[in-house]
Amino acid sequence: MKRIYRQLTALALGTMLASQAWAFGGFNLDLNKIISAGKNLSEASKEISEPEEISIGEGMASVLLGAAPLLKNDAIQTYINQVGRYLSLQTERPDLPWHFGVLDSVSVNAFATPGGHIFVTSGLLKKMHSEAELAGVLSHEIAHVLRKHHLAAMKKAGGMGFLTDVASIAVDQKGGGGYAGKELSKNLISGMKEILVRGLDKDDEYEADRMGIVIATRSGYDPYGLPAVLQTLDGLSGTSDVSLLFSTHPAPASRLDTLSGLMQSKFDHYQGQSVSDRFRRLVPNGGNN
């Protein structure tokens with residue numbers, strides 16, 4: 001596990017410099033009020049400290065990487081980290097140890113874990129057409145981390161047993177351990193797997209869509225990147241590559257309808273805005289598979 005995080009950290013080095021002049025100063029912050037999350041963080045997430053959140057996320061990332069390894073392409077892994085780390089800087093939690101990676105899997109999906117671990121599959125990456133679409137997907141997953149959706153879901157599924165497991169993490173951290181010094185309990189790992197298979201509540205997904213649009217737009221990307229991906233996914237309905245995604249998320253058509261009602265004409269001013277788009281050079285077959 002330490003090797004994996006050293007690899008991801010190394011891939012992210014230089015991200016701040018590589019982001020170029022991406023800051024978009026014309027974004028109207030009032031849009032945050034128009035499509036704000038609108039609900040308080042759950043009591044479950046408030047009971048968990050940030051170090052505990054990060055430790056849980058590391059364990060959950062380990063589960064994901066046990067199912068599918070990282071794609072062996074340093075250029076793409078570096079690229080994903082550059083885009084993802086830049087997006088994370090536009091949020092209220094820029095100091096989390098954010099890590100982004102591409103999983104070597106034909107399945108079309110994306111995942112987030114507590115504490116700032118974001119993964120997209122190579123299958124999903126190949127369905128995209130631009131960096132704006134990538135930014136939309138990453139921003140959606142970043143929103144899950146910001147709102148601590150997975151922590152709340154694990155608390156709901158595990159009850160008091162979940163808090164007991166978290167308490168054991170805290171004790172180990174005080175002794176200088178943390179995840180690296182102590183394997184997470186079987187109950188906690190089981191809860192993580194359940195969330196990955198069952199998915200989050202629909203309301204959490206809709207909230208992540210709303211917040212993702214804001215994060216991507218604030219970062220200087222076309223706000224319709226995420227809706228474009230949802231349109232692509234809607235066209236893949238019934239194929240095996242999206243079976244897990246469709247079982248854990250609301251239907252793309254429903255998500256599009258919800259976003260359409262929220263966005264209306266409010267984002268038209270930002271349509272077409274773009275940062276330097278390296279997507280076609282690094283993912284030459286994107287959108288053609």
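Bear in mind that the values in this text are calculations on the coordinates, not laboratory data. Computed from a predicted structure; not experimentally measured. Glycine gets a Cβ as well: all are built from the backbone with ideal geometry, and neighbour counts include every protein chain shown.
Remark: Met211, Met192 ranked as Met211, Met192, counting other beta-carbon atoms within 10 Å and listing the fewest first.
Across segment 202-212, coupling constants 3J(HN,Hα) worked out from phi with the 6.51/-1.76/1.60 Karplus curve, θ = phi - 60°, read 4, 4, 5, 5, 5, 5, 5, 4, 4, 5, x Hz, and Gly and Pro carry x. Electrostatic tally near Ser243: other residues with Cβ closer than 15 Å to its Cβ, Lys and Arg +1, Asp and Glu -1, net 0.
Backbone amide hydrogens, once placed in the peptide plane, bring Leu103 within less than 5 Å of Leu71, Val120, Thr121, Ser122, excluding anything fewer than 5 places away on its chain.
Counting neighbouring beta carbons within 10 Å and listing from fewest to most, the residues Arg198, Arg281 come out as Arg281, Arg198. For Tyr79, neighbours were defined as the other residues whose beta-carbon sits under 10 Å from its Cβ, and their charges (Lys and Arg +1, Asp and Glu -1) total 0. Computed 3J(HN,Hα) for segment 253-258, one whole-Hz value per residue from the Karplus formula 6.51 cos²θ - 1.76 cosθ + 1.60 where θ = phi - 60°, is 4, 5, 5, 5, 4, 5, glycine and proline marked x. Listed cross-link partners Lys127/Lys202; Lys127/Lys266; Lys127/Lys155; Lys148/Lys266 are compared with a 25 Å cut-off, the Cα-Cα value being larger for Lys127/Lys266; Lys127/Lys155; Lys148/Lys266.
Using the Karplus relation 6.51 cos²θ - 1.76 cosθ + 1.60 with θ = phi - 60°, the per-residue 3J(HN,Hα) values for segment 143-149 come to 4, 4, 5, 4, 8, 6, 4 Hz, with x marking Gly and Pro.
Each residue in Phe119, Phe267, Phe100 was given a count of other beta-carbon atoms within 10 angstrom of its own, and listing them fewest first yields Phe267, Phe119, Phe100.
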